[in-house]
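First up is the structure itself, then whatever we jot down about it.
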């Protein structure tokens with residue numbers, strides 16, 4: 001799987017993290033353009049499907 005790596009000239013606009021703590025999952029989305037952070041609870045089923053969603057997105061962008 002090929003992946004673009006970040007360089008010092010890249011401008012990160014958004015970042016997202018899925019976290020697991022105490023049996024719960026949360027999605028944290030950081031908007032670096034507007035300097036905001038949003039946190040959402042996420043079901044385990046959605047976390048388990050994340051690789052599928054990422055593959056689907058990748059195939060649409062290729």
Within region 30-45, residues in contact (Cβ under 8 Å) with a residue 12 or more places away in the chain and under 25 Å from residue 12 (Cα atoms) come out as 30, 31, 32, 33, 39, 40, 41, 42
Is it the case, given these coordinates, that residue 25 is at negative phi, at pLDDT 95 or above and in contact with a helix residue (DSSP H, G or I) (Cβ under 7 Å, 6 or more places away or on another chain)? yes
When region 5-62 is checked residue by residue, the ones that are assigned to a loop (DSSP other than H, G, I, E, B) and surrounded by 12 or more Cβ atoms within 10 Å (Cβ to Cβ) are 32
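The values are calculated or read from the model by the stated rules, or taken from the named source; none is laboratory data. All values derive from a computational prediction rather than experimental measurement. Cβ atoms come from the backbone with ideal geometry, glycine included; neighbour counts cover every protein chain shown.
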